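For reference, the structure is listed below as structure tokens.
The values are calculated or read from the model by the stated rules, or taken from the named source; none is laboratory data. If you're wondering where the values come from, they're calculated on a predicted model, not measured in any experiment. For neighbour counting, all protein chains shown are included, and Cβ atoms are generated from backbone atoms with ideal geometry for every residue, glycine included. Please note that ligands, DNA and RNA were not included when accessible areas were found on the heavy atoms of the full protein model with its side chains. Shrake-Rupley method; radii C 1.70, N 1.55, O 1.52, S 1.80 Å.
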Amino acid sequence: MEETSNNFEKDRFYGTKAWQLRDHRYSIFLLQGYCSKESSVSHIICIANQKGGVGKTTTTINLGASLAVAEQKSLVVDCDPQGNATTGTGINKAELSKSLYHGLIQNESVESLVLDTELDHFKILPANMDLIGAEVELISHPNREGLLQELLKPLFNEYDYILFDCPPSL
């Protein structure tokens, strides 16, 4: 891993460029070209930390909203079963009929899962407590590590930015 400016570390990640900004609160991963050669998604950004309460969800929502205001199409993928990114974008998670869980476990099409927010260029793939069971249900799945990438493939050309709000137990 080679060190670059601004506390970013640069490395190869599954054959692509990856940068990680580390500080005491959270890690931000910027994966460029992660999707595949036929994909034209500009950026995939994961906000991650093993500790809760450090601002991951707030950072994800505010970054997505800021990009949307700048007319960049952005999608937030709420990967946390608490669903706070979902709630933070104005979606009532108690009223959800489908969430990320349904795409991962029940093979729902990802297009049917994405919801609008109040901003034109800002969408969310919501989560709720159903997602807790996904880890147990996927334990014997042969490609569980690549399942999220496969689910999101149809969206790679639709958004300028895809932002992941990761759970604290990453």
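Quick notes
- Computed lengthening from Asp116 to His141, 0.36 nm per intervening residue step minus Cα-Cα distance: 5.9 nm
- A simple rule links phi to the HN-Hα coupling: the Karplus curve 6.51 cos²θ - 1.76 cosθ + 1.60 with θ = phi - 60°, which for the stretch 101-110 gives 3, 5, x, 6, 9, 9, 6, 5, 5, 5 Hz, with x for Gly and Pro.
- Applying the criteria of a DSSP loop state and at most 12 other Cβ atoms within 10 Å to the GluC sites (Glu not before Pro) of the stretch 87-170 yields Glu118.
- Estimated vicinal HN-Hα couplings, Hz - the stretch 125-131 in sequence order (Karplus 6.51, -1.76, 1.60; Gly, Pro = x): 9, x, 9, 8, 4, 4, 5
- Computed on the stretch 62-155, the Cα convex hull volume stands at 92 Å³ per residue.
- Within the accessible area of the stretch 62-170 (1.4 Å probe), percent carbon and sulfur: 48 percent
- Summed over the residues of the stretch 65-112 and divided among them, the accessible surface reaches 47 Å² per residue at a probe radius of 1.4 Å.
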